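Data block below; observations after.
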Amino acid sequence: MMRLPLFEFRMPRTIDEAVLILDGEGPKAMPLAGGTDLLPNMKRRQQVPKTLMSLRYIEDLNRVRMEASASRLGACVTLADIAADPRFRNGLTALAQAASLVATPHIRNMATLGGNLCLDTRCNYYDQNYEWRKAIDFCLKKDGDTCWVAPGSLKCMAVSSTDTAPALIALGARVRLVSRLEEREVLLGELYNNDGLDYIKRKPNEILAEVLLDSLHGWKSTYWKLRRRGSFDFPVLSVAAAARFTESGVVEDARIVMGSAASRPLVALDAAKTLVGRPLNGESIAEAAVLAARIAKPLDNTDFDMSWRKRVTGEFVTCALRELRGDDVSGERLSYMRTHSH
Amino acid sequence: MRVIGVPRRRVDARAKVTGQTRFADDIFLPRMAYCKLLRSPHPHARIRKMDTSRAAAHNGVYLVLSGKDLPIEYGILPVSQDEQALCVDHVRHVGDPVAAVVAREELTAFEALDLIDVEYELLTTIADPEEALATPAPRIHEYGEEGNIHKRVSLEFGDVEQGFAEADEVFEDTFFYQGNTHLPIEQHASMAIKDPEGKLTIWSSTQTPHYLHRALAKVLQMPPGHIRVIATPNGGGFGGKSDPFNHEIVVAKAALLLDRPVKICLTREEVFYCHRGRHPVLMKFKTGVKKDGTITGMHLQTLIDGGAYGSYGVASTFYTGALQTVTYHVPRYKFQGCRTFTNKPPCGPKRGHGTVQPRFGQEVQLDKIAEKLSIDPADLRLRIAESSNAVTANFFRLSVVNLSECIRRVVKNSDWKEKFRKMPDGRGVGLACSAYLTGAGLPIYWNKMPHSGVHIKFDRGGGVAVFCGATEIGQGSDDVLAGIVAEVLGLETFDIRLYTGDTDLGPVDLGSYSSRVTIMAGNAALQAAERGREMIAEAAAEKLGVPKERLRFADKRVFDSAAPEKCLTFAQAVCNAEARFGTIGTMGSYTPPKSPALYKGGGVGPSPTYSYTAAVVEVAVNPATGWITVPKIWIAHDIGRALNPTLVRGQVEGSVYMGLGEALMEEQEFRRLPKKLSHALVHKFPSMLEYKSPTSLDMPEVITELIEEPDPRGPFGAKEVGQGPLLPIMPAVANAVYDALGVRIDEVPITPEKIMKALAEKKAGRTPRFGPNHFPKVNWPEALRVPPPWEGGDGNAVNDVPRAAKHNPEKEKVLSP
Amino acid sequence: MILVTLPIESQKTAHIRLTLNGEATDVSFAPYKTLLEVLREDLGHTGTKHGCELGECGACAVLLEGKAVLSCLLLAVECDGKSVLTVEGLGADGKLHPLQDAFADLGAAQCGYCTPAILVTAKALLDSNPNPSREQIREALSGNLCRCTGYQQIFEAVEAAMIKIAGKTSC
């Protein structure tokens, strides 16, 4: 059986207590939420924190407050709770869909929203046991010098594999980061770097405490996920799309975000821009699909062939936008996602 | 019949649903220590130096072993004794074990692995068979045909060129079948102890306790009588636990040295390194047919990626050519197979052993033939299906053959005639068939002893205990034994106690492989039970004053069929018999009938009887992305008789499941890093997450139909079901994709990327297919020429010494340890 | 070799009290252990299995406060005060749970290795939704890999148990 390395265990009861621990321990301490990302990484010795700080006992992190004008989601709300909560509909549909498509029902019962937003980037050369990584003399992301995905690269090319981040970026979410001395709000779209190693701007002494959403009145959103099987698998490409329409169906505002196509979620600005002021018709959807696919640059470090993943980008953008305009794409959705949920 | 043929709860079901089934890793013993193996990080290297002193000195470590502690070579086949429990000086794939640490805690053992210093000298690596053919040195093994060729075979049954000359059309196709693995959910585990008397006992998740027993005796140089192997129920096997494994030998040695229990449970990654899974095979089929579809001749060539060790590979090589003749009538047949060594975990037997890959090629080629000849593929197969009691060109004697009925049923159930070539674009159906062995006709090592033995003990209280070496791997072998014995003795399966998979307690059964347990252990149980019944009946007849022939055994009673009130309870009847004859215990054994295939290589493929299957698969493919889904599968299986229909259906559906995984997503893939920068050649993703096994959301509805016509060779007429139904799935998917989009995917797995590439070919006006285009040159040996029965052949090759006259010193040497 | 001290990893310095299958249970264990390891190694509950220890197969599922979770990814120290249900706690009063009966009768357990986890997962489903559709059953069990059955007999067994439970509670 694979065993965890030894660690010290802390269980603060409040955010204040937690940030004090992080401040004192430095980067060798890591917050533990659902554990579904960190513990496998520890068993594979990808991450070996000296101290594990459980967030499970901090009540503040488990709250969901939803009002007409804005919502605040505690970072430790589980993905299963989000997927099951009827309040996550209409404008928030993309989030509920993304949460419902993460891994498996068991993992969704454990994994948290904050954990999924902070999910370590993934790569077929990195998400391996210690012994395997030894056989390739390790890699740039951990213990080695070379990025085997692109051996000339100075940058780690591990893939952002979170489902909820693309969805929440499409919904314009912000996150609240708390440390001992300060508190800041960051637009989720700006939380990530396009660097598989240094992929997140959360500092080691900060806790991602809350996700903040403004009113999504008038918005519609959707999330499409590509993976080999109907469950378990991380996305190897995803598309989140959100749009606000006039009564006549003209797009007033739109956001398209692609996941798992780089080391961070990619915001397809041009694609979204081209939709504004136009109805979602065949022409505008096709243009947006081409523009979005242009920036997706999948690499050979996940499941499926990279050029094929890129090809699916356009198809998924098309399906997502057709869904937003009200087409029945449930057949395509069921075919790709193999599940009736949402 | 009260038990046989009745759907019922299997005998071991309660243990399984309560979590009480004791798998190997569920055994915990006082003072036990944990073992971990240090594995080679290099695909091919010499071990220059090893220093284990730092690990041995580590707090909590009891013992460190290295290759010199266990130098004797072993392997499943007598002709391939090429493994060492811990490599002495040569590592052949990433994951080859070089040292073992035994410690109080598993974590300690794991961490101490890093304290072992090994110096390697790197050797050229070989990643696939074409490289192996082109790279005779360095040799991965010092034995085999030459260079890195492990085994080459060439057999010809009739003049195949003559067959092509008589054909109206000759088809040539090349196919590739990617390797894949068993992925049992239970990781391999073993626990060994030096028992209180000082002998060795090992509990292990093995499908073949008898072969493990032999390997342990050989490597540990102990009398076999001082070794007890207990096969724990396997948490899935599928062929992956059929070899004797290095970790089993290591814990046995450690337990003997430490005089304390030593356990090992492999990580999932290590299970991928044990492998012994499906061989990647490149195939070339050349088939001649008449206008009506009659086959005039077939020439099959296979190039097989064996991985780093022999394993069952010699048998696998023959299997890639053995069963082509068993489904359809092939009057002239030539087979050439070549297995190479490569620096990857060894391939071996996975469900359908060696026959799955050429079955894919043959069934897809038949689909192409049917289209060219404008014959419905189902009708074509009905025309050429083999018939009962035939002897094939390669001298396999068939028994009951119900392939045609299987085809007719799936055609009807799937509404084939309304769907084939009639569905809208992107939707399609495909049909394929198969045959499989009901038990290998020959044992792994040459001997004249039975393949299975059963001992039944009758208790004065009416209890019946069955002892047999057969191994429960989930397939229901315990239930087969209990069902047969209960039926014969008029008891319920609950009345039968089973002692199986234990080399100390039961007579030898060769193991749970080649779909042999139902027919072999089953027939042995039948014989033992009937002998017991005979004794009990004789004594009861005397006691009741009734002619023996009139006695019936049912409802736990022995009674006069003419006057049922004249009876003894079963327990009374046993006591009565014991008083008459002394203690009642009976034996049964089974040896398969002699095969007429006397030529060299004819030992692989004969079976007492063969099962047959036909399947129709429906697919939906998105032409924009190649995304493929399978909404429904219809399958019919020629089972002879279903001893327990619930379990038989489970085997069929489980086979369909595994076949669908192979068809669509399962791949044992390797990655070589840029050669300038690295020597690495690693498994691409040795994990449950990235090795894609279908989930509950990926599995379509399966409509199963069992065709029952009892086979005189099977116990109560039963044939195999555990492997055969897997075989038609992959080609049926490929044929359905063609029906849906008009593109051929001549390769497994069939993925969206490959479909898109084939569609691109189609769009460009080229051959609408994806698949291999060439078969490399192999220096084939001169073929052994065996005239088929209809050309007056006697089963011997005309250009070889007849089998009976031959003396084989090598085999005899292996027999005496 | 004589050990002077116990290796750190074997020191059972963590202690929790949990409700295991309805019974208040105290256990001491090495603090790095997951619930899976503590159940199997420190509490003798070997009914819960493991196939990967990384959350990639579902074989180690148990119910934590009634919800199906993976015991391989749950620190045992975080289970203090919690209720845990394993396959050993499914039956009651010497009788099998209707799910266990149905799995046994209908061939839903072949090798039986993934069975304990599937049983508790199915129980959680039926507890929260007494009348699930086939699609809902598929969805609920989509985190439990089974290599033997092809799932069909498992779905049928869950449906059979569902009917049996509904029959019981309605009278």
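Each part reduced to its alpha carbon centroid, the range B:316-361 and the range C:1-70 end up 45 Å apart. Solvent-accessible area of the range A:1-54 (1.4 angstrom probe, protein heavy atoms only): carbon and sulfur portion equals 54 percent. Accessible-area loss of 10 Å² or more (1.4 Å probe, protein heavy atoms, chain alone versus all protein chains) is found in the range A:11-38 for A:Leu32, A:Thr36. Using only Cα atoms and rounding to the nearest 10 degrees, what angle (0 to 90) does helix A:15-25 make with the longest principal axis of chain A? Rounded to the nearest ten degrees, it is 50.
Reducing the range C:116-140 and the range B:37-75 to their Cα centroids gives an inter-centroid distance of 47 Å. Summarise the accessible area of the range C:98-170 (1.4 Å probe, protein heavy atoms) by the percent that is carbon and sulfur. Solvent-exposed carbon and sulfur of the range C:98-170 make up 57 percent of the total.
Oblate is the label for the range C:10-89, because a/c, from the alpha-carbon gyration tensor with a ≥ b ≥ c as root eigenvalues, is 1.5 or above and a/b does not exceed b/c. When the solvent-accessible area of the range C:10-89 is split by element, carbon and sulfur atoms take up 45 percent of it, the probe being 1.4 Å. Rolled with a 1.4 Å probe across the full set of protein chains, the surface gives B:Trp627 an accessible area near 10 Å². Look at the stretch B:230-239: the mean tally of other chain Cβ atoms within 10 Å of its residues' Cβ atoms is 3. Structure shown: which of A:Lys142/A:Lys297; A:Lys141/A:Lys203; A:Lys201/A:Lys225 lie over 21 Å apart, alpha-carbon to alpha-carbon? A:Lys142/A:Lys297; A:Lys201/A:Lys225, as the Cα separations exceed 21 Å there.
Centre-to-centre, using Cα atoms only, the range B:594-644 and the range B:244-274 are separated by 35 Å.
Using the heavy atoms of the protein chains alone and a 1.4 angstrom probe, what is the accessible area of the protein assembly as shown per residue in square angstrom?
Per residue, the protein assembly as shown has 33 Å² of solvent-accessible surface.
Highest GNM mean-square fluctuation among C:Leu96, C:Leu36, C:Leu63, for chain C modelled with Cα contacts below 10 Å: C:Leu96. With all protein chains in place and ligands, DNA and RNA left out, the 1.4 Å accessible area ranks B:Leu442, B:Leu526 as B:Leu442, B:Leu526, largest first. Take the accessible area of C alone and of B alone, subtract that of the pair with a 1.4 Å probe, and the total buried over both chains is about 4800 Å².
Residues within the reach of a label modelled at B:Gln162 (point 7 angstrom out along Cα to beta-carbon, backbone nitrogen below 20 Å), restricted to the range B:278-297, are B:286-291, B:294-297.
Building the convex hull from the alpha-carbon atoms of the range C:98-170 and averaging its projection over directions returns 4.2 nm².
Sorting A:182-188, B:42-48 by their mean Cβ neighbour count within 10 Å, with the most densely packed peptide first, gives B:42-48, A:182-188.
Inverting the pair-averaged 1/r between distinct Cα atoms of the protein assembly as shown gives 32.3 Å as its Kirkwood hydrodynamic radius.
Lys-Lys pairs in the range B:484-643 that are eight or more residues apart or on separate chains and whose Cα atoms lie under 23 Å of each other come to 5. Rounded, prolate or oblate: which fits chain A, taking a ≥ b ≥ c as square roots of the Cα gyration tensor eigenvalues, rounded meaning a/c under 1.5, else prolate when a/b beats b/c? Oblate, since a/c reaches 1.5 and b/c is not below a/b. Within the same chain, aspartates and glutamates fewer than 8 places from C:Lys164 are excluded, and of the rest, those with a Cα less than 16 Å from its Cα are C:Asp101, C:Asp105, C:Asp127, C:Glu156. Both radii come from the Cα set of chain C: Rg as radius of gyration, Rh as Kirkwood radius; their ratio Rg/Rh reads 1.03.
Based on DSSP H segments of at least four residues, each scored -39500 (n - 2.57), chain B has a per-residue ellipticity at 222 nm of -8000 deg cm²/dmol.
Qualifying GluC sites (Glu not before Pro) in the range B:113-159, where qualification requires a DSSP coil assignment and no more than 12 other C-beta atoms within 10 Å, comprise B:Glu142. Grab the beta carbon distance between C:Leu6 and B:Lys199, set R0 = 25 Å, and tell me the FRET efficiency rounded to 0.05. Working from the Cβ atoms, E equals 0.20.
The A-C contact accounts for approximately 2900 Å² of buried accessible area, totalled over both chains at a 1.4 Å probe radius.
Ordering B:Thr583, B:Thr767, A:Thr313 by accessible surface, largest first, gives B:Thr583, B:Thr767, A:Thr313; the 1.4 Å probe counts only protein heavy atoms, with every chain in place. Dimensions of the range B:316-423 from C-alpha coordinates, computed as largest minus smallest value along each principal axis and given longest first, are 49, 35, 25 Å. Annotation for A:Glu190 and B:Ile72: the two label points, set 7 Å from Cα along the Cα-Cβ direction, are 7.3 nm apart. Among the lysines, which have Cα under 16 Å from the Cα of C:Lys33 when same-chain residues fewer than 8 positions away are ignored? Answer for C:Lys33, where 16 Å is the Cα cut-off: A:Lys43, A:Lys50, C:Lys12, C:Lys49, listed by chain and number. Kindly identify the range B:450-590 as rounded, prolate or oblate by the Cα gyration tensor criterion: order the square roots of the eigenvalues as a ≥ b ≥ c, call it rounded if a/c is under 1.5, otherwise compare a/b with b/c, prolate if a/b is larger, else oblate. Here the range B:450-590 falls in the prolate category. In the range B:181-209, the residues whose accessible area drops by at least 50 square angstrom when the other protein chains are added to the isolated chain are B:Ile185, B:Gln187; the probe is 1.4 Å and only protein heavy atoms count.
The values are calculated or read from the model by the stated rules, or taken from the named source; none is laboratory data. No experiment lies behind these values; they were computed from the predicted model shown. For neighbour counting, all protein chains shown are included, and Cβ atoms are generated from backbone atoms with ideal geometry for every residue, glycine included. Just the protein is used for accessible areas: all its heavy atoms, side chains included, with ligands, DNA and RNA removed. Shrake-Rupley method; radii C 1.70, N 1.55, O 1.52, S 1.80 Å.
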